[in-house]
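K.L.:
The structure that follows is given in the form of C-alpha cells.
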Amino acid sequence: MRLRHIEVFNAVMLTGSVSGAARLINVTQPAVSRILQHAELQLGFALFQRSKGRLTPTPEALTLYPHIERLFAQLDEVQRLAANLKSGDGVRELRILTVLALSYEILPHAIKLFRVKHPDVPISVRALHSPQIVSALALQEADVGFMFSPVSHSALAQEHLADGRMVCIAPKGLLSARLLKRGNVTLADLTKVPVIGLDVHDPVGRSLNQACREADVGLNFAITVQTYHSALALAHHGLGVALVDSCTAASADTARVDVLGLEPLIEVPIKALMPAGKPASVAVRAFVRCFQQAVAYAAKAG
C-alpha cells in the first residue's frame, strides 16, 4: 500500500463512508473511490463491503487497521518532532520532566538553588512515568528529565547523578523493638508483616522482586501501587510496610512511621536524561548541577 492508499483507508475507517472520508482529508468523493479501488487492486482483496452508501470493513481490513493506527501515531510523532526542532532555538523556557518520587523534595530544592543564579528563567515542570519521560525527551518536547535506572535510547544522552537506595518505612508499632534498635531490616525480617508492593513494570519494583528471588524470600504484598508516594501514604495510615527509594523516604512523617535501612542493598541510581545530538544549554547544565546538589543534600539529611 502506498501512503495515499493508507491515508484514504484510514479516513474511510474513521468516517464509514466515501463522502465522510472526502471531507476529512479534503479531496473529492470520486478521488476517494478511485484511490480505494486502486489500493484493493494492488492488495488483491477487498477492504470494504459496499451497501446503501455505507462501507463495512472486511475481516482483512480489520486485521490491517491496528497497524495503520500505529503508523499514523508514528507520523504524528514525526510532525511533533519537526515542529519542536523548528521552534527549538527560540524556546527560552526551561522544560523539566521528573518521575513523581523526585518531585516532592528533590525538585523544589533544586529549583531554589537554580533561582539564586538564574532568577528570570521561566520553568515548566511535568511529573510523568519513566516511559513518558523517555518519549517526550526523544521528541524534544522537554530539555531535561530526571528518573531512576539507566535507559538505552539512541536519541538520548544520560548522566549519572547519584546512587540512592531502597529503605523500609514501617508504621509505628508494626516492627519489634529489637529491629528498631538495630536500625535496619532484612527482607526476611518482613515476611510476617503486610508489605506495600510496587508495580513490577516499575524499575524499582523490578529491583525489589529480583532481590526477593535472590534471597529466596516471599513477601506478603497486601496492596500493590504504581507510585512510591502512594506506598508511603499507605504506610502513614498503618496499612503496611513501604519499601521505597531514599528520595521518597525524605517525605516520611517520622511521628507516624519508622525509617530503617534495608538489607541487602538495593541501589536506585538517579539519572539526568537530555536529547542527544545537540549541546545542552547553559540553563540545562546549571539545573542538572543544582539537582545533583539537592540529591546530595537529601542523602545527608536522611
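The values are calculated or read from the model by the stated rules, or taken from the named source; none is laboratory data. All figures in this text were calculated on a predicted structure; none of them were measured in a lab. When we count neighbours, we look across all protein chains shown, and the Cβ atoms used for this are built from the backbone with ideal geometry, even at glycine.
K.L.:
Name every residue in the stretch 68-77 that is under 15 Å from V12 (Cα atoms) and either outside the structural domain of A11 (by TED's automatic domain parsing) or free of Cβ contacts under 8 Å to residues at least 60 places away in the same chain (or both), in order of residue number. Before the answer, list the steps.
P.N.:
Step one: filter the stretch 68-77 for residues under 15 Å from V12 (Cα atoms), giving 68-69, 72.
E69, the sole residue that qualifies.
K.L.:
Only one of these conditions is not met by E141: (1) outside the structural domain of P203 (by TED's automatic domain parsing); (2) surrounded by fewer than 16 Cβ atoms within 10 Å (Cβ to Cβ). Which number is it?
P.N.:
Condition not satisfied by E141: (2).
K.L.:
Is there a residue being of a type in the set (F, W, Y), buried (at least 20 other Cβ atoms within 10 Å of the Cβ) and under 30 Å from P119 (Cβ atoms) anywhere in the stretch 269-288?
P.N.:
Initial filter on the stretch 269-288 (of a type in the set (F, W, Y)): 287.
This time we only want the ones that are buried (at least 20 other Cβ atoms within 10 Å of the Cβ), so: 287.
When the remaining residues are screened for being under 30 Å from P119 (Cβ atoms), the result is 287.
Yes, the stretch 269-288 contains a residue that is of a type in the set (F, W, Y), buried (at least 20 other Cβ atoms within 10 Å of the Cβ) and under 30 Å from P119 (Cβ atoms).
K.L.:
I need the full set of residues from the stretch 113-129 which are under 16 Å from A101 (Cα atoms) and either out of contact with any helix residue (DSSP H, G or I) (no Cβ under 6 Å at 6 or more places or on another chain) or touching a residue at least 40 places away in the same chain (Cβ under 8 Å) (or both), in order please.
P.N.:
Quick first cut of the stretch 113-129, residues under 16 Å from A101 (Cα atoms) only: 125-129.
Once the filter is applied, which keeps residues that are under 16 Å from A101 (Cα atoms) and either out of contact with any helix residue (DSSP H, G or I) (no Cβ under 6 Å at 6 or more places or on another chain) or touching a residue at least 40 places away in the same chain (Cβ under 8 Å) (or both), the stretch 113-129 yields V125, R126, L128, H129.
K.L.:
Moving on to the next point. Does the stretch 119-138 hold any residues that are buried (at least 16 other Cβ atoms within 10 Å of the Cβ), part of a loop (DSSP other than H, G, I, E, B) and over 8 Å from the mean Cα position of the chain (by Cα), and which are they?
P.N.:
Once the filter is applied, which keeps residues that are buried (at least 16 other Cβ atoms within 10 Å of the Cβ), part of a loop (DSSP other than H, G, I, E, B) and over 8 Å from the mean Cα position of the chain (by Cα), the stretch 119-138 yields only V121.
K.L.:
Considering only the stretch 130-185, state which residues are without any contact (Cβ under 8 Å) to a residue 12 or more places away in the chain, within 24 Å of L100 (Cα to Cα) and among the basic types (K, R).
P.N.:
none
K.L.:
Limited to the stretch 227-246, what total is found for residues that are over 14 Å from F148 (Cβ atoms), in contact with a Leu (Cβ under 8 Å, 6 or more places away or on another chain) and surrounded by fewer than 20 Cβ atoms within 10 Å (Cβ to Cβ)?
P.N.:
1
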